[in-house]
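Comments concern the structure below.
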Amino acid sequence: MKKPIFLLSIPFSFFLGACAPTQTSCSTGQTIDDASITALVKTDIAKTQGVDQAAAINVDTYRGVVSLAGFVDTEQQRRTASEVAARAPGVEKVVNNLQLKKQP
């Protein structure tokens, strides 16, 4: 007995639906893009003259929105890190949560 082809397509559609983005999740492609943007921004900040402690800056990307967190020594470093992040391809917006270290 042959099964109707549409019955076989029902489970397949569930698998495809699992890969689709929703308002609270990303598709596989978006996740890869966000990881690439994060890596690029981290590298660009590390290469930037004047941002001495790039390793102390946490970079996270979600749907093209880059969030910067951590501590820097000066307001200029804070601004520079944000500007560098904004120039990276694929960045839609930068949320700069960098804090200035308290000076002794």
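The values are calculated or read from the model by the stated rules, or taken from the named source; none is laboratory data. Note that the structure is predicted; figures quoted are calculated from it, not measured. With ligands, DNA and RNA removed, areas are computed over all heavy atoms of the protein, side chains included. Shrake-Rupley method; radii C 1.70, N 1.55, O 1.52, S 1.80 Å.
With respect to the conditions (1) small (G, A, S); (2) assigned to a loop (DSSP other than H, G, I, E, B); (3) at pLDDT 55 or above, S25 lacks only one, and its number is (3). Residues that are of a type in the set (S, T, Y) and open to solvent by 70 Å² or more (accessible area, probe 1.4 Å) number at least 1 in the following strands (runs of 3 or more DSSP E) confined to the stretch 38-104: 57-62.
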